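The values are calculated or read from the model by the stated rules, or taken from the named source; none is laboratory data. Because the structure is a prediction, the values reported are computed rather than measured. Using ideal geometry, Cβ is built from the backbone for each residue, glycine included, and neighbour counts are taken over all protein chains shown. Accessible surface is based on the protein model in full, side chains and every heavy atom, while ligands, DNA and RNA are left aside. Shrake-Rupley method; radii C 1.70, N 1.55, O 1.52, S 1.80 Å.
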Amino acid sequence: MRSCTLNVAFRAVAGFTATLAMLPSLGLADNPVSREEVGNRVSENIPPIPATLTDQLNRYQNTRGAPVAGWLDSECLLISTRFAETNQAHRVCEPLGMREQLTFYSEPVGSLTPAPAASARQGFVFSRDAGGDEFSQLYWFDLGTRDTTLLTDGKRSQNSGPLFSADGNLLAYTSTSRTGKDYDIWIRDMQAGTAKTVVTEGGAWGAMDFSADGKRLLVIHYVSINESYPGEVDLETGKLRMFPVDGDKAAFGDFRFAGKDNAVYFVSDEPFKGKPSEFKTLRYHDPASGDYKQLSGDIPWDVDALEISDDGAHLAFVSNEDGIDTLHVLSLPEQREIALPTLPVGLIGGLSFSPDGKRLALTLNSATSPSDAYVIDLAEAGMTRWTRSEVGGLDTAKFASPTLIRFPTFDKVNGKARTIPAFYYKPANASATRKVPVVINIHGGPESQSTPYFSSTTQYMVGELGVAVIYPNVRGSSGYGKSFLRLDNAEKREDSVKDIGALLDWVALQPELDANRVAVFGGSYGGYMVLATMTNYPERIKAGIDVVGISHFGTFLKNTEDYRRDLRRAEYGDERDPDMQKVFERISPLNNAQKIRAPLFVAQGKNDPRVPFTEAEQIVKAVRDNGEPVWYLLYNDEGHGFRKKTNSDYFTAASMLFLQRYLLNETRPSP
């Protein structure tokens with residue numbers, strides 16, 4: 001039983017040390033700033049939100065999802081959903097049954113991990129931080145007593161990746177509590193209430209799976225998305241044994257014991273029997289017999305998720321095929337694929353076998369439907385829907401579905417132009433005689449991927465504003481092989497920005513799109529891409545929305561949380577290297593802010609541990625010095641993104657107002 005894959009966990013982990021000094025006041029004598037403080041919200045130059053816009057957005061902002069966290073027992077699913085301000089834990093005990101709320105906090109809960117059916121006590125572990133600071137603590141919720149118990153130190157440490165042993169007596173998790181920057185692996189005895197470290201080697205480590213007898217633990221040392229090292233801890237002796245890795249370096253995903261012996265199932269892109277592997281494939285290895293198989297070698301895409309039933313009779317995995325998920329289930333030990341019901345096109349997550357191994361719960365999400373819980377009967381190959389999440393009373397038949405496109409970019413592969421994939425949402429009334437404006441939405445990461453997930457904001461832009469929305473997967477995105485993933489590393493950073501330039505060229509060739517009205521929108525690394533696009537193509541961008549974005553790589557790496565710094569250096573480059581310092585000084589948007597000649601909206605969480613709020617404040621000041629209109633939104637109770645409904649709703653409304661004013665109007669008001 002586990003909560004998430006290691007790569008996702010370490011790409012998401014973060015925290016914040018609130019020692020950064022606030023930059024000087026952003027108000028300038030020759031460029032006055034209108035400032036408003038309402039509760040935890042600070043807004044600058046953002047006009048009042050019109051009631052008509054609020055009313056129109058209301059239904060779109062009252063959609064919700066219900067992703068699966070796992071089985072609480074043979075009858076009930078644990079899910080996460082929101083009925084008030086934040087996502088909380090709920091249980092559902094029959095298809096389309098009542099959702100019973102179990103946790104009630106002002107902050108959202110995450111890492112929901114049910115105890116195994118064999119546990120002496122039934123319940124689940126969850127995580128919670130304060131104000132988005134990502135110093136998440138782990139808690140035990142006891143279903144019998146309804147009591148909650150703090151499991152970790154309760155201090156400024158980050159605790160994540162909870163993983164139960166088969167009998168529920170042991171809980172493994174990752175924590176930074178020892179040094180503040182290293183991710184150690186801890187084991188907690190759930191009966192005795194004691195905890196100890198079992199891996200303190202330094203760096204980023206995660207627990208992957210317990211052996212059936214609970215005496216061994218598979219672990220991963222994560223260096224970067226391209227490099228990780230698997231091993232095993234003998235929990236009785238404390239000895240750590242690292243496994244050999246073929247080739248110079250390789251990426252590893254999920255790792256599972258295959259029963260009671262030393263055989264394992266795992267996901268990796270290491271060479272297979274001497275042959276290079278571009279994608280992460282599912283493999284089986286039995287050291288005793290020497291049996292080594294590649295089980296998904298005929299699928300030329302990454303395997304993103306892996307789960308094995310408690311009885312060892314079935315294995316489920318998900319392949320990410322051009323940004324669209326495909327589910328596979330194998331019968332074990334013969335490793336034969338079984339028949340499954342037809343699933344909608346979209347994304348698959350939350351794989352969880354029922355305690356008896358006969359059913360598989362999962363989350364389905366598509367461009368036109370939010371996340372919901374489903375259960376597959378493996379013997380009958382039938383599927384039952386367990387939740388039906390609200391979509392604000394909107395007609396889902398009118399929602400837009402994207403088209404997967406590929407546009408040529410500036411360089412070549414094997415003598416042919418390299419193409420960049422993107423998901424394109426086109427308004428129904430777009431045509432050569434009615435050109436529509438465009439929003440380019442750039443994902444963060446950068447080792448992430450835009451996929452056809454449900455976004456009520458995207459549906460609002462397409463359906464109500466009549467705006468085309470394009471989600472590109474520029475070089476450096478995951479899901480397209482490790483060569484593509486590495487194309488933007490370190491000094492090659494701006495090559496990904498050139499991909500956006502190529503997309504602008506593609507937009508100009510489409511008869512239904514208005515190349516004179518293009519906005520860029522992105523968060524985190526996507527926020528950097530927004531700013532970099534505005535500095536590199538100022539004459540082609542009409543507006544930009546930067547959410548928790550990097551404005552200077554040097555200051556970002558200096559001020560990001562200690563436990564994230566080395567992980568980010570592996571991707572962006574080391575700011576201590578004089579040559580990389582020169583690259584950062586040359587490409588960072590802050591040093592090129594004078595080139596921005598379009599309105600800019602910057603939104604930020606004060607408690608952001610990943611991209612500190614100073615990154616936002618310094619770019620706001622620099623662009624205002626240009627005399628350009630700059631809207632600025634800061635939440636004192638948020639971090640790397642906006643998780644509270646009231647905050648998210650206001651940000652969305654302000655963003656839509658910004659686009660209406662500066663993208664849709666042919667003339668823009670004075671600053």
*Can we say Glu628 is among the acidic types (Asp, Glu), surrounded by fewer than 24 Cβ atoms within 10 Å (Cβ to Cβ) and under 29 Å from Val467 (Cβ atoms)?*
yes
*Six or more apart or on different chains, Cβ under 8 Å: which pairs go from a residue in segment 232-248 that's in a loop (DSSP other than H, G, I, E, B) to one that's of a type outside the set (Val, Ile, Thr) and open to solvent by 50 Å² or more (accessible area, probe 1.4 Å)? Could you list them?*
Leu235/Lys215; Glu236/Lys215; Phe243/Tyr229; Val245/Tyr229; Asp246/Gly274; Gly247/Pro276
*Taking segment 636-668 only, how many residues are aliphatic (A, V, I, L, M) and in a strand (DSSP E or B)?*
0
*In segment 142-156, how many are open to solvent by 50 Å² or more (accessible area, probe 1.4 Å), within 16 Å of Asp129 (Cβ to Cβ) and among the hydroxyl-bearing types (Ser, Thr, Tyr)?*
1
*asked:* Residues that are open to solvent by 20 Å² or more (accessible area, probe 1.4 Å), without any contact (Cβ under 8 Å) to a residue 60 or more places away in the chain and either hydrophobic (A, V, I, L, M, F, W, C) or touching a Phe, Trp or Tyr at 6+ places or on another chain (Cβ under 8 Å) (or both): does segment 387-396 have at least one?
replied: no
*How about segment 1-118: which strands (runs of 3 or more DSSP E) wholly inside it have at least 1 residues that are of a type in the set (A, V, I, L, M, F, W, C), open to solvent by less than 40 Å² (accessible area, probe 1.4 Å) and at pLDDT 60 or above?*
41-44, 68-71, 77-81, 88-92, 109-114
*Mind checking which residues of segment 631-643 are open to solvent by less than 20 Å² (accessible area, probe 1.4 Å) and charged (D, E, K, R)?*
Glu638
*Can you name the residue in segment 578-606 that is buried (at least 23 other Cβ atoms within 10 Å of the Cβ) and among the polar types (S, T, N, Q) and is also farthest from Glu44 (Cα to Cα) among such residues?*
Ser588
*Pick from Val329, Val375: which is modelled with pLDDT of 95 or more, among the aliphatic types (A, V, I, L, M), within 30 Å of Gly231 (Cβ to Cβ) and open to solvent by less than 20 Å² (accessible area, probe 1.4 Å)?*
Val329
*Take the residues of segment 406-451 that are among the hydroxyl-bearing types (Ser, Thr, Tyr) and within 18 Å of the chain's Cα centre (by Cα): which is least open to solvent (accessible area, probe 1.4 Å)?*
Ser450
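Residue check: is Tyr139 open to solvent by 20 Å² or more (accessible area, probe 1.4 Å), in contact with a strand residue (DSSP E or B) (Cβ under 9 Å, 6 or more places away or on another chain) and over 23 Å from Arg569 (Cβ atoms)?
Answer is yes for this residue.
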*Which members of segment 600-635 meet the condition of being within 28 Å of the chain's Cα centre (by Cα) and assigned to a loop (DSSP other than H, G, I, E, B)?*
Lys606, Asn607, Asp608, Pro609, Arg610, Val611, Pro612
*Residue check: is Leu351 assigned to a strand (DSSP E or B), open to solvent by 30 Å² or more (accessible area, probe 1.4 Å), closer than 27 Å to Arg64 by Cα and not charged (D, E, K, R)?*
no
*Within segment 271-287, count every residue that is open to solvent by 70 Å² or more (accessible area, probe 1.4 Å) and hydroxyl-bearing (Ser, Thr, Tyr).*
0
*Could you please find all residues in segment 386-405 being more than 13 Å from Pro370 (Cβ to Cβ) and either polar (S, T, N, Q) or over 23 Å from the mean Cα position of the chain (by Cα) (or both)?*
Trp386, Gly393, Asp395, Ala397, Lys398, Ser401, Thr403
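Suppose we keep only residues that are part of a helix (DSSP H, G or I) and within 19 Å of the chain's Cα centre (by Cα) within segment 452-483. Which one would you say is surrounded by the most Cβ atoms within 10 Å (Cβ to Cβ)?
Just the residues of segment 452-483 that are part of a helix (DSSP H, G or I), to begin with: 456-463, 482-483.
If we keep only those that are within 19 Å of the chain's Cα centre (by Cα) as well, we get 456-458, 482.
On the way: Ser456: 20, Thr457: 20, Thr458: 23, Lys482: 19.
Top of the filtered list is Thr458.
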